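The values are calculated or read from the model by the stated rules, or taken from the named source; none is laboratory data. These numbers come from a predicted model, not from an experiment. Cβ: placed from backbone, ideal geometry, glycine included. Neighbour counts: every protein chain shown.
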Amino acid sequence: MKIVIASYIHTKYAKTICKTIAEAAKSRGTGIAQRETKYIVSKLENGNAVIALDGEKFAGFCYIEAWSHGKFVANSGLIVHPDYRSQGLAKQIKTKIFAHSRKLYPDAKIFSITTGLAVMKMNSELGYKPVTFSELTDDQSFWNGCQSCNNYDVLQRTNQKMCFCTGMIYDPNSKPEKTPKKNTVSKKKWERLKNIKQSLFFKKHNK
């Protein structure tokens, strides 16, 4: 298994990547924005992505998006092919794309919105902190990318202030904790956070 920075030689995997993302979005029903093939091709060609390959077989992928003139960066489209799930590959891809983002955009805030508990835990281990949506980019083109998500109507009804996704940010200018702890974020904690968000939304809109 190799996890490498993508280049033009990997554009042949673009359709497979889009298909894998689309199938994952359908099965999850939420929390993943789909992209057109030509958009994924551009990320591969420009080296703004990481791809995992088992020999010549596609195994996983993630790409970089820059917003607000490079002040914010998102690691998007994290996906692992069904044949390679539950093997820790997603974490390896996430770590690789995070390091690549830090190299390309050393001063940018790296952010994420997700409903996935596993992704939230990976983010936390990399130094991300939960934040409100108001602390994320105000670049409307980013939020327009959520239109393919089944919960886009929730985002619209709250004027982009909240949704079922949780916002998280890594700020390179924030002071590190004196005694950082690894692997301390429990699944139970993230489930509780997600349940609180959902209950607040339904309480507000069912009055």
Inset, instruction - Pick out the one residue from T20, T16 that is on the phi < 0 side of the Ramachandran plot, of a type in the set (S, T, N, Q), assigned to a helix (DSSP H, G or I) and surrounded by fewer than 17 Cβ atoms within 10 Å (Cβ to Cβ). - result: T16
Inset, instruction - Name every residue in segment 53-75 that is surrounded by 21 or more Cβ atoms within 10 Å (Cβ to Cβ), under 16 Å from the mean Cα position of the chain (by Cα) and among the small types (G, A, S), in order of residue number. - result: G60, A74
Inset, instruction - Filter segment 134-155 down to residues that are closer than 10 Å to I113 by Cβ and among the aromatic types (F, W, Y) and give me whichever is surrounded by the most Cβ atoms within 10 Å (Cβ to Cβ). - result: F142
Inset, instruction - Report yes if F164 is modelled with pLDDT under 95, touching a helix residue (DSSP H, G or I) at 6+ places or on another chain (Cβ under 7 Å) and among the aromatic types (F, W, Y), otherwise no. - result: yes
Legend entry - Answer residue from segment 130-161, given it is hydroxyl-bearing (S, T, Y) and in a helix (DSSP H, G or I) and is modelled with the lowest pLDDT among those: S148
Inset, instruction - For segment 41-89, name all the residues that are closer than 18 Å to K109 by Cβ and among the hydroxyl-bearing types (S, T, Y). - result: Y63, S68, S76
Legend entry - Failed item, numbered, when A25 is tested on (1) within 23 Å of T114 (Cα to Cα); (2) surrounded by 17 or more Cβ atoms within 10 Å (Cβ to Cβ); (3) at pLDDT 95 or above; (4) not β-branched (V, I, T): (3)
Inset, instruction - Only residues that are surrounded by fewer than 21 Cβ atoms within 10 Å (Cβ to Cβ) and part of a loop (DSSP other than H, G, I, E, B): list them for segment 91-111, please. - result: Y105, P106, D107
Inset, instruction - Could you tell me whether segment 112-123 includes any residue that is within 16 Å of A49 (Cα to Cα) and in a strand (DSSP E or B)? - result: yes
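Can V4 be described as in a helix (DSSP H, G or I) and either crowded, with 19+ Cβ neighbours inside 10 Å or at pLDDT 95 or above (or both)?
So V4 does not fit the description; no.
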Legend entry - Any hit, segment 42-50, residues being at pLDDT below 95, among the aliphatic types (A, V, I, L, M) and over 11 Å from the mean Cα position of the chain (by Cα): no
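Considering only segment 35-81, give the strands (runs of 3 or more DSSP E) lying wholly within it that have at least 3 residues that are on the phi < 0 side of the Ramachandran plot and touching a Ser or Thr at 6+ places or on another chain (Cβ under 6 Å).
Result: 57-67, 72-80.
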